[in-house]
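Heads up: the structure comes next, in structure tokens.
The values are calculated or read from the model by the stated rules, or taken from the named source; none is laboratory data. These figures come from a predicted structure and were not determined experimentally. Note that we place each Cβ from the backbone using ideal geometry, even for glycine, and neighbour counts take in every protein chain shown.
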Amino acid sequence: KREKTRVQGMKVCSFALTDSRRLSEQFVSVDCLGPLFAFFMGKGLGKGVSAKKRKEVALEMQEHVISVLASLLQRLEAGPRRDRVLAKFTEEKLDRLVELWDEYAKRVGSLGGLADDPSGGEGEVAYLGLLDRGLYCLQQLALVAGCVWSSGVPGLQRRLLFVAQQYGYELADFAAALKVQLRFSFDDNQRDGEGEAKTRLEKLVRILDP
């Protein structure tokens, strides 16, 4: 029951922070980063439950945590709160970030030039199929990696690039996932805040793949 409550709590945070700078600021201010990054590292879950249930709970929590991290780095303005989030990315957590990227990249498979393919409906079908395989989380992880890189902190950049290359990835691979998101997640009838989110993604793509 306690595990379910934790997952549901993180699910609520994931939903609430998606479009809210104010709530993102409050999340950091009330010291929620400690538990968030503990869950990010796979800690604090699954005690007293079966191995199968533990895996299910961990996967659901993992997806919510990735979403929260992406929301924080996308919504928070440059300043102390955003710096507190970035400061949590020690070498161990950067290793975990790329490990998760690799996990989802293998599940999703090739993006097949989807970001640039003007095939209309066929492209939409392919995109929906990739979403079912975990593309959303892959895109969110790419956003987190992009924000870490764009922070300009040499130590973070060196470690991120080193670990990514150990797994056989380059910065352009993160950019490719974001390009797909730009193509399919935004249209001409944007809601409030979507224009800003799109601009930020475009900037990250240019930084990752100049």
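A few points about this structure:
- Of all residues in region 126-150, those that are within 15 Å of the chain's Cα centre (by Cα) and in a helix (DSSP H, G or I) total 17.
- Residue, surrounded by the most Cβ atoms within 10 Å (Cβ to Cβ), within region 35-60, restricted to residues that are at pLDDT 90 or above and of a type in the set (A, V, I, L, M): LEU36
- Residue check, THR18 more than 16 Å from SER67 (Cβ to Cβ) and among the polar types (S, T, N, Q): no
- Filter result (surrounded by 16 or more Cβ atoms within 10 Å (Cβ to Cβ) and closer than 16 Å to GLU92 by Cβ) within region 154-171: LEU156, ARG159, LEU160, VAL163, ALA164
- Members of region 87-102 found to be touching a helix residue (DSSP H, G or I) at 6+ places or on another chain (Cβ under 7 Å) and aliphatic (A, V, I, L, M), listed by number: LEU94, LEU97, VAL98, LEU100
- Residue count for region 77-109 under the criterion of being outside any helix (DSSP H, G or I) and surrounded by 22 or more Cβ atoms within 10 Å (Cβ to Cβ): the result is 1.
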